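Below: one structure, written as structure tokens.
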Ligand SMILES: *Cc1c(COP(=O)(O)O)cnc(C)c1O
């Protein structure tokens, strides 16, 4: 049997990619906002149904530079979630800001809006929630809290590519939203990312940050860095965008098969799609409660590894438990996040995952419950 990983990057045919990059051999223009970059940016803007977008070299720099573009005073506090990928917390800390961890909901793994207001201090400047596994945060409530307390809202939308919430592109929520197009994501540009934002002035700041603040040939107006998307990545994005709807509908089949096979089992929680959300089927997390299921998440994980199947403990550990952070934070203050993180497992999920493999994976998981 072939090894199965948690994800497998989708790729256009080699011929399609070669056709797309042929122009680059004519132009010799490899990066710096070339034709592919600009065409791809326009295509994405339509696909994501957003008003403003800026492409970046990866999702992390989208988060880091979007936060930087707000120019918050150093030492300000940003309310965020510890149930996320390293990038979210690092982006806050690398900007000289302080993450303040809010607990999550037990059912959808999103920031628990009831706990946000209790964390607001005179130093709080922003809320940075994550649309975990493509579940969309309670944006109305977050907006209300932000408005009453004069806070900015920046979403980590790395898991929410192409989704809509009440028919609105998720990139339109909050003051800004950051997407990742990493190779492991539902849609990718090899490495890549984008920031969507409400205020065009913020967009100009992000542009300066991604391109050294250069304007024209003779002036540099901002103290920027370099986080541009190159032409080869943009070309991959153009190709992948042609197929992404088909990829998502194939993922839907995988998703449904997992739900059929694993649904209704005591102690094993499957994933469900929120109302009012057009989903992207990016992930299939299950949550295992030891006493009811009769086995732990870690045992199920190891059993799968024994069959050359690599699920992922995602997100585990909480970012507040990383050794680079655990002396400054106490994850017992976010008990639900801790509880979820100890029980969550994301299963292999990609467009070309065979339904027979979904069945095999599911049977191995179910067999653990008898032990
Ligand atoms: C992937 C991811 C990122 C970082 O994106 P990169 O493109 O890998 O830099 C940030 N946040 C979350 C939640 C992610 O899943």
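Tell me yes or no: at least one residue of segment 175-183 is away from the ligand (no atom under 12 Å from the Cβ) and farther than 19 Å from residue 99 by Cβ.
no
So, in segment 56-72, exactly how many residues are closer than 16 Å to residue 98 by Cα and within 8 Å of the ligand (Cβ to nearest atom)?
1
All but one of (1) crowded, with 16+ Cβ neighbours inside 10 Å; (2) in contact with a helix residue (DSSP H, G or I) (Cβ under 8 Å, 6 or more places away or on another chain); (3) not in a helix (DSSP H, G or I) hold for residue 71; state the number of the condition that does not hold.
(1)
For segment 83-109: of the residues being within 12 Å of the ligand (Cβ to nearest atom) and part of a loop (DSSP other than H, G, I, E, B), which is farthest from residue 192 (Cα to Cα)?
Applying the filter and picking the extreme gives 109.
Need the failing condition index for residue 340 against (1) out of contact with any helix residue (DSSP H, G or I) (no Cβ under 9 Å at 6 or more places or on another chain); (2) closer than 23 Å to residue 247 by Cβ; (3) surrounded by 19 or more Cβ atoms within 10 Å (Cβ to Cβ), just the number.
Of (1) out of contact with any helix residue (DSSP H, G or I) (no Cβ under 9 Å at 6 or more places or on another chain); (2) closer than 23 Å to residue 247 by Cβ; (3) surrounded by 19 or more Cβ atoms within 10 Å (Cβ to Cβ), only one is false for residue 340: (2).
Within segment 298-311, can you find the residues that are in contact with a strand residue (DSSP E or B) (Cβ under 8 Å, 6 or more places away or on another chain) and more than 25 Å from residue 158 (Cα to Cα)?
300, 308
Could you say which residue among 226, 211, 230, 149 is surrounded by fewer than 24 Cβ atoms within 10 Å (Cβ to Cβ), under 19 Å from residue 43 (Cβ atoms) and modelled with pLDDT of 95 or more?
Answer to the selection: 230.
Going by what's in this entry, would residue 327 be described as surrounded by 17 or more Cβ atoms within 10 Å (Cβ to Cβ) and more than 30 Å from residue 1 (Cα to Cα)?
Here the answer is no, as residue 327 does not meet what is asked.
The values are calculated or read from the model by the stated rules, or taken from the named source; none is laboratory data. These numbers were taken from a predicted model, which means no experiment stands behind them. Positions of Cβ are backbone-derived with ideal geometry, glycine not excepted, and every protein chain shown enters the neighbour counts.
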